[in-house]
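Taking it in order: structure first as structure tokens, then the write-up.
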Amino acid sequence: MSVENIEKDLAQKMHQRVEIFQNVLNKIRAGRPHPGILDSIKVEYYGQLTPLNQLASIAITDGLNLVVSPWEKNMIPEIEKALRNSDQGFNPTTQADLIRVPVPPLSEQTRREHARRVAREAEAARVAVRNLRRDANQSLKSGVKNKEISEDIERRLQTAIQKLTDEKIAEIGQMAEKKEADLMEI
């Protein structure tokens, strides 16, 4: 067990956890539509469920509509079906080789539900970061027990681990606050 490896590995894992949280936030729709809200939609493509963004380009037209332009025109019915069956309430319309997706404005109740989801996801991310801290601290304790590292190094690393944990938890909190503010903005 290398002291540098513990610290570097922990920093990498915590960074990945924050990125996962950011990806979750990107999928939660705030006031204005953006192409990322379609990231969770999967389309049946030659027997495989494939993310929509791998089958088509997605753009915003007038601030209220998304336009999906499939790369294979024979996929239009499948894409339209996947959009209609999603849990986001889309009602797509096909115009020639484009699919227009009007994005309805969020109701106050939907905004509050999304804000609660953001809070739940933020707490889950915080718990994951704390679990990573716990695992790293247990590795340090076993290192001291096995006489691989000294108690002084253990204390120094525990302080560094706690500092990194506090930074990542604060970062998650800031991301959640920003998303909640975006959600409540009309």
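We did not get these values from a lab; they are worked out from the coordinates using the rules stated. Since the model is a prediction, treat every value here as computed from it, not as a measurement. Cβ atoms come from the backbone with ideal geometry, glycine included; neighbour counts cover every protein chain shown.
Observations, loosely collected:
- Alpha-carbon centroid distance for the pair segment 109-149 / segment 27-57, whole angstrom: 29 Å
- Trypsin sites (Lys or Arg not before Pro) within segment 1-96, DSSP loop, no more than 15 other Cβ atoms inside 10 Å: none
- Working note: Debye formula, equal point scatterers on the alpha-carbon atoms of the chain, no solvent; log10 I(q)/I(0) at q = 0.08, 0.14 Å⁻¹ is -0.40, -0.83.
- With at most 14 other Cβ atoms within 10 Å, longest stretch of the chain clear of loop chymotrypsin sites (Phe, Trp or Tyr not before Pro) (DSSP): 72-186
- Length released on extending from ILE153 to GLN174, taking residue separation times 0.36 nm less the Cα-Cα span: 4.4 nm
- Candidates per GluC sites (Glu not before Pro) in segment 1-73, loop by DSSP, up to 15 other Cβ within 10 Å: GLU72
- Residue among GLN16, SER69, ILE153 farthest towards the positive dipole end of the chain, charges placed on Cβ: ILE153
- Volume in Å³ per residue [convex hull over Cα atoms, computed for segment 1-106]: 135 Å³
- Fully extended contour minus Cα-Cα distance, from GLN22 to THR93, at 0.36 nm per residue: 22.5 nm
- Rounded to the nearest 20 debye, the dipole size of the chain about its Cα centre is 460 debye, using +1 on the Cβ of Lys and Arg and -1 on the Cβ of Asp and Glu.
- Lysines with Cα under 17 Å of LYS178, excluding same-chain neighbours fewer than 8 positions away: LYS27, LYS168
- Amide H contacts under 5 Å for TYR45, placed H, 5+ residues apart: THR50
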